[in-house]
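The values are calculated or read from the model by the stated rules, or taken from the named source; none is laboratory data. Just so we're clear, the structure is a prediction, and the values are computed from it rather than from any experiment. Reconstructed Cβ throughout: ideal geometry from the backbone, glycine too, with neighbour counts over all protein chains shown. For accessibility, only protein heavy atoms count, side chains too; no ligands or nucleic acids. Shrake-Rupley method; radii C 1.70, N 1.55, O 1.52, S 1.80 Å.
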Amino acid sequence: MSKKLVIIDTDCGIDDAQALLLALAAPNIQLLAVTCVFGNAEVADVCQNVLKVFSVCEREGIPVFRGASGPLVGSCSLARDHFGSDGLGGVITDRDPKWEEKIQREHAADALVRLVSEHEKQVTLVSLGPLTNLALAVRLDPGFPEKLKDLVIMGGNIEGKGNVTPCAEFNFATDPESAYIVLEEFICPTSVVSWEFCCRNSLTWDFFEELVSQDFAAARFMKTITSNCWAYSKESLRNKRDVYFGPGFVSYDSYAVASCIDPSLVTESLVCPVRVELQGSICRGMMVLDQTNELKKTHSVSVPTKCDVTRFSQLLLESLRQPMRREK
């Protein structure tokens with residue numbers, strides 16, 4: 001079976017960790033590299049979090065690249081403690097003191113340009129955090145998007161509901177200029193897995209308990225990093241997801257990686273142009289769907305709306321119990 005060549009760009013928090021586990025367990029995925037960006041945590045913590053996931057799975061051979069530490073414009077003023085102070089719930093006590101020696105010296109944006117050029121039209125790029133590294137890559141090489149096979153983005157919103165501002169989703173609100181650049185200039189086949197899509201296809205908390213209670217190293221790891229995080233508390237009604245959509249377990253970034261592993265998991269999608277709003281105190285960072293072609297854009301994206309949650313649940317379970325494959 002031929003394998004998909006995949007690069008994951010991540011701001012590794014708890015749901016990113018689960019998404020990485022999905023990719024590592026998938027027999028049809030070859031993970032070429034992971035590029036790190038600020039977001040859920042400072043980029044230094046993000047790098048360490050990725051290395052920790054690889055250590056749990058005994059997959060340290062995959063190259064990890066450090067990328068942007070802040071947005072293209074201004075500084076990041078949004079709260080980034082949704083998943084604890086370090087992105088993994090603040091419960092990891094055995095941080096590797098020599099982690100910097102294990103990070104590649106090349107900047108993430110340079111690595112993206114190089115790796116995609118070396119594997120032209122073969123790489124699926126999955127973005128799980130702010131899109132800063134991708135925006136930098138297209139500035140380094142304007143032809144970068146055309147060299148990709150396709151792009152999967154977890155971010156944005158489709159109903160005007162925001163989770164950090166009244167109208168914008170975290171990844172896009174954290175660096176709106178980068179989100180704008182990517183959705184204007186990346187003309188490769190693109191799927192945008194929105195915040196609302198994830199929330200409307202949530203899983204039960206009973207399933208979450210089943211997922212993390214499996215007797216495997218990866219499951220024990222996930223149980224540890226979710227143990228002290230309010231975002232994984234079924235009693236909490238403090239976040240906008242619960243207010244808008246009701247309670248449920250949502251591993252946001254996992255939906256994007258799962259759709260890469262098995263595209264049939266997405267059962268319905270909208271196909272239309274989109275644009276990210278950059279102006280205004282309320283709507284900055286909001287993604288707008290242009291279903292009436294008012295913008296006269298030539299490039300459309302696929303926006304999933306419905307998901308096979310049974311298949312998604314199966315992939316999640318398998319990701320934490322399937323023996324991990326060692327890199328050869």
Working carefully through the options D150, D141, find the one that is out of contact with any strand residue (DSSP E or B) (no Cβ under 8 Å at 6 or more places or on another chain) and at pLDDT 95 or above. D141
Any residue at all in the range 51-58 that's touching a strand residue (DSSP E or B) at 6+ places or on another chain (Cβ under 8 Å) and either in a loop (DSSP other than H, G, I, E, B) or more than 21 Å from I181 (Cβ to Cβ) (or both)? yes
May I ask you to list pairs of residues, at least six apart or on different chains, whose Cβ atoms are under 6 Å apart, with the first in the range 94-114 being farther than 25 Å from S127 by Cα and the second being of a type outside the set (F, W, Y) and part of a loop (DSSP other than H, G, I, E, B)? none
Please give the helices (runs of 4 or more DSSP H) falling wholly within the range 99-212 in which 2 or more residues are open to solvent by 50 Å² or more (accessible area, probe 1.4 Å) and under 29 Å from S77 (Cβ atoms). 132-140, 176-185
In the range 274-296, what count of residues is obtained for those that are farther than 24 Å from P71 by Cβ and either among the basic types (K, R) or open to solvent by less than 30 Å² (accessible area, probe 1.4 Å) (or both)? 2
Under 6 Å between Cβ atoms, at least 6 apart or on separate chains: pull out the pairs that start in the range 301-321 with a residue that is of a type in the set (F, W, Y) and end on any residue that is modelled with pLDDT of 95 or more and outside any strand (DSSP E or B). F312/A258; F312/L265
Within the set of pairs 6 or more residues apart or between chains, which connect a residue that is within 13 Å of G156 (Cα to Cα) inside the range 270-299 to a residue that is hydrophobic (A, V, I, L, M, F, W, C) and surrounded by fewer than 16 Cβ atoms within 10 Å (Cβ to Cβ) with Cβ atoms less than 9 Å apart? V274/L295; R275/L295; R284/L278; G285/L278; V288/L295
Among the numbered conditions (1) under 23 Å from L295 (Cα atoms); (2) surrounded by fewer than 19 Cβ atoms within 10 Å (Cβ to Cβ); (3) β-branched (V, I, T), tell me where T224 comes up short. (1)
Among the residues in the range 232-250, are any touching a Gly at 6+ places or on another chain (Cβ under 7 Å) and modelled with pLDDT of 75 or more? no
